[in-house]
1. Which cross-chain or sequence-distant (5 or more) residues have an amide H under 5 Å from the amide H of Phe33, H modelled 1.01 Å from N in plane?
2. Taking Cα atoms, how many degrees apart are the long axis of helix 145-154 and the longest axis of the chain, rounded to 10 and kept between 0 and 90?
3. Place +1 on the Cβ of every Lys and Arg and -1 on the Cβ of every Asp and Glu in the chain, take the dipole about the Cα centre, and give the residue among His120, Tyr174, Gly37 whose Cα lies farthest towards its positive end.
4. With label points built 7 Å along Cα→Cβ from the Cα atoms of Glu127 and His98, find their separation and express it in nm.
5. What are the chymotrypsin sites (Phe, Trp or Tyr not before Pro) within segment 2-103 that DSSP puts in a loop, where the Cβ has at most 16 other Cβ atoms within 10 Å?
6. If you plug each phi of segment 106-120 into the Karplus form 6.51 cos²θ - 1.76 cosθ + 1.60 with θ = phi - 60°, what whole-Hz ³J(HN,Hα) values come out, in order, with x for Gly and Pro?
7. Compute the angle between helix 65-78 and the longest alpha-carbon principal axis of the chain, please, reported from 0 to 90 degrees and rounded to the nearest 10.
8. Arranged from highest to lowest average of other beta-carbon atoms within 10 Å per residue, in what order do the peptides 160-166, 123-129 appear?
Amino acid sequence: MTGYSEGSVHGRFQPLHNGHLKYILAAKDRCDFLWIGITQYNIFDLLESPQDPHRQERFHNPFTFFERLEMIRKAVTDNGLLLNEFDIIPFPIETPSHLLDFLPMSIPIFTTVYDQWNKHKVDVLRERGYQVLILWEESAKEIDGITIRNLICEGKETWKNMVPQATIEIIEKYHIRDRLISLKNDRRSN
């Protein structure tokens, strides 16, 4: 028995990296069915997050909802999950009043804590009535999306060791390096 019939996780997954995959699989070990929520799912209408300002910048959100869905689905099935064991949904943490449209309060939320933004999310979710279960708390991430995006943009191949094969395939399929370079140049001109 896994403990819970259903559970959920969430993240921006910009891009999905090995740390995210570890988190998703750890949560799935604790439930029979896992809802994987994608935050900042509309990258063309990014919402401000005062606790984590880079979340609202386009350079930090290059992947569309569809690209992240495709990336996550392939990565988790490559790692043994069956299609009937999970699903992927929008997760509007930036507008917590909308969360009930996507995830009932009866489904526990698994999360990790690394910084103030994570602590803020835990507080917001609990204030909304969700049961939040912290899988682990650490002072720093081993891998982060900012580093990966910068390495991709700079043409350095070391990022490939930080992500599942599915992420590499999506980045190549959708020419994400070109997109990142363009977004970085737009950032500099503003």
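Every read-out reported here was derived from the displayed coordinates using simple, explicitly stated rules and does not represent laboratory data. Keep in mind it's a predicted model, so treat the numbers as computed, not measured. With ideal geometry, Cβ positions are generated from the backbone for all residues, glycine too; neighbour counts draw on all protein chains shown.
1. Glu6, Gly7
2. Value to nearest ten degrees: 20.
3. Positive-most Cα among the choices belongs to Tyr174.
4. Simple spin-label model gives 1.8 nm for this pair.
5. Sparse-neighbourhood loop chymotrypsin sites (Phe, Trp or Tyr not before Pro): Phe44, Phe102.
6. Rounded to whole hertz, the list is 6, 9, x, 10, 8, 8, 10, 10, 10, 8, 4, 4, 4, 5, 4.
7. Helix 65-78 sits roughly 70 degrees off the main axis of the chain.
8. Listed from highest to lowest mean packing, they are 160-166, 123-129.
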